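Structure first, then comments.
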Amino acid sequence: VRFSGRTSAAAWLTSAVLLLFCLLWSLAQR
Amino acid sequence: VTVALDDTTARPVFVEPHPSGHRLERLSSGHRVVRPGVTTSRRAAPAAGARRAAWLLLHLLVALAPLGLSLAQPRPGRGFLVEFSVALGFVALSVLGLQFALAARFTRSNAPFGIDVVLTYHRQISFLAVTAAFGHPLLLFVARDRYRVLLDVVHAPLRAQCAWLSVAALGLLMVTSIWRKALRLSYPAWHVLHSVLGVVVVLAGLGHAFLVDHYLGEPLVRLAWALYGAVFVWLAVWVRLIKPLRLSRRPWRVVELWPEPGGSLTVGIEPASRHAHLGFPFKAGQFAWILPSRNPFNPNWHPFSMSSSSLRFRVDFTIKNVGEFTRSVRRLRVGDRVYVDGPHGSFTLEDHPGMGYVFVGAGVGITPFLSMLATLADQGDRRPCWLFLANRHEDQVTGVRQLARLQGRLNLRVVHVISRPSDQWSGERGRIDTGLLDRHLPLERRSLQYFTCAGGEMVQAVDGALRGLGIPADRIHSEHFGMV
């Protein structure tokens, strides 16, 4: 069983983009 | 044209170069199978990076689509905090729905990354989904006092009960995943629980979103969400029903069981009927999910590395004797039925081509290297290779039989490093560190590719030792053992 790779950068990037979009969306919606 | 000898039948197998760079193998039965070849170029294919970026972008777009869709429906705003809370709820739901796709072991989307990387991403992105899912009600309660009545689960409306069910199932899912071992949950039991809780989280979440109505009033938006829900359900059906059915048409048969000196077991398998399916094109260093059962719907699948040449009809897996699954592997007998789902993984020579290779493994960590070395030998590859093997005792080395067979067929130097040797042992002792590697590696060491496969601590130690020798980080590739 093996788990490898440097994936945390991708996960951080996706999370940051999703949260930023949430922020912009709620600013536009309020 | 390369001619190799088939281990099981002792008959010659002809391996011819193929225009695509792959190898066309003519089996002794007369069938032909295309096997992926080890590329000899110094650089990996540039397309892999672009495909990775494209899949990541697709994941992002699908996760954001519900928020984008709701913009199509004009409605009065309810203040920043409430809207932000709603945005978090939408993102949590779509990211959680996408988790099914990440865990579904789709070959095409996993190939540019390796399924191990995709599963690690699945685990890491779940922390965002959980933060957003819990943040959604918390922000609502902070923003408006009137929402606090929804805390009374019994008297709350159905839409709030759906939300509570979704959040509670998600909490349980996280606790059982992070503390599976501490809770003494077996892997198969956890796997079933994980699937059931995942479906409950997403279906209850979808129910909540539909019942709230404020954001899904527009027929087009409702239709889009219905499609989303349908895709999630289809993914669950595909993983649990369609995929096992497809695999059941390709059964495998155990042809040899070989106890390794270190306590591991090598299981050799072949297609149950040579006419039913022709082989298993994998790259050396990859792994596959194995099910040692006659019933393909049994959820007891486990991933193991192949240890045989990727150019042979027969496929070997070397399995360490730990846990309840390996006990079920121990019950296997020659002739038994098994199913194989794969290949998966990007820990391969093709993904990291070089002028020569250095393999560092501990115990059963030799497994992917046995496959890589056997494949290189079958291809007549004469690039220099070094294999550093850490074991406790010199008479407990996993893979000695396979290594003996490779002697004389490769430009290979094997360095055994024994931590508790007998008095007669004259080779290297202790651990694999900078000094030991420095003694055995050539001066042009920076041009080689390095592969490490061991437990987590040793992988870190070896990576550190290699970097201490000035090896660039992009030439060090590591895998460590560890169940989800």
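The values are calculated or read from the model by the stated rules, or taken from the named source; none is laboratory data. Not measured: the values here are computed from a predicted model. Note: ideal-geometry Cβ built from the backbone for every residue, glycine included; neighbour counts use all protein chains shown.
Only residues that are within 11 Å of chain A (Cβ to nearest Cβ) and not basic (Lys, Arg) were counted across the stretch B:48-61, and they come to 7.
Got a number for residues in the stretch B:133-154 being within 15 Å of residue B:84 (Cα to Cα) and not in a helix (DSSP H, G or I)? Residues that pass the stated criteria total 1. Consider the stretch B:372-393 and keep the residues that are assigned to a helix (DSSP H, G or I) and within 16 Å of residue B:413 (Cα to Cα). The one that is nearest to the chain's Cα centre (by Cα) is B:372.
Scanning the stretch B:68-85 for residues that are over 18 Å from residue B:134 (Cα atoms) and buried (at least 21 other Cβ atoms within 10 Å of the Cβ) yields one hit, B:70. I need a count of the residues in the stretch B:95-122 that are more than 9 Å from chain A (Cβ to nearest Cβ) and part of a helix (DSSP H, G or I). Counting residues in the stretch B:95-122 that are more than 9 Å from chain A (Cβ to nearest Cβ) and part of a helix (DSSP H, G or I) gives 14. Scanning the stretch B:394-429 for residues that are farther than 23 Å from residue B:259 by Cβ, charged (D, E, K, R) and part of a loop (DSSP other than H, G, I, E, B) gives B:409, B:423. If the condition is being over 20 Å from residue B:200 (Cα atoms) and without any contact (Cβ under 8 Å) to a residue 40 or more places away in the chain, then the stretch B:112-127 contributes B:118, B:120, B:121, B:124.
Residue B:345 meets all of the listed conditions (1) surrounded by fewer than 20 Cβ atoms within 10 Å (Cβ to Cβ); (2) within 21 Å of residue B:462 (Cβ to Cβ); (3) modelled with pLDDT under 90 but one, namely (1).
Among the numbered conditions (1) within 13 Å of chain A (Cβ to nearest Cβ); (2) touching a Leu at 6+ places or on another chain (Cβ under 8 Å); (3) of a type in the set (A, V, I, L, M, F, W, C), the only one that residue B:441 does not meet is (1). Number of residues in the stretch A:15-30 that are part of a helix (DSSP H, G or I), facing chain B (nearest Cβ under 7 Å) and modelled with pLDDT under 90: the value is 1.
I'm trying to understand the selection: among the residues of the stretch B:117-159, which are of a type in the set (Ser, Thr, Tyr) and under 21 Å from the mean Cα position of the chain (by Cα)? The answer is B:120, B:121, B:126. Which residue pairs have Cβ atoms closer than 9 Å, lie 6 or more positions apart in sequence or on different chains, and pair a first residue in the stretch B:379-396 that is among the aromatic types (Phe, Trp, Tyr) with a second residue that is crowded, with 23+ Cβ neighbours inside 10 Å and part of a loop (DSSP other than H, G, I, E, B)? If the second residue must be crowded, with 23+ Cβ neighbours inside 10 Å and part of a loop (DSSP other than H, G, I, E, B), the pairs left are B:388/B:432.
Determine, yes or no, whether residue B:358 is hydrophobic (A, V, I, L, M, F, W, C) and either surrounded by fewer than 17 Cβ atoms within 10 Å (Cβ to Cβ) or part of a helix (DSSP H, G or I) (or both). In short, no. Say whether the condition of being in a helix (DSSP H, G or I), over 30 Å from residue B:289 (Cβ atoms), at pLDDT 90 or above and charged (D, E, K, R) is met by at least one residue in the stretch B:78-86. So far as the stretch B:78-86 goes, yes, one or more of its residues are in a helix (DSSP H, G or I), over 30 Å from residue B:289 (Cβ atoms), at pLDDT 90 or above and charged (D, E, K, R). For the stretch B:159-183, taking the residues that are of a type in the set (Lys, Arg) and outside any helix (DSSP H, G or I), the one that is surrounded by the most Cβ atoms within 10 Å (Cβ to Cβ) is identified as B:180. In the set (1) more than 30 Å from residue B:177 (Cα to Cα); (2) away from chain A (no Cβ under 14 Å); (3) surrounded by fewer than 14 Cβ atoms within 10 Å (Cβ to Cβ), the condition left unmet by residue B:431 is number (3).
In the stretch B:466-484, how many residues are more than 12 Å from every other protein chain (Cβ to nearest Cβ) and either over 23 Å from residue B:372 (Cα atoms) or at pLDDT below 90 (or both)? Total satisfying the criteria: 4.
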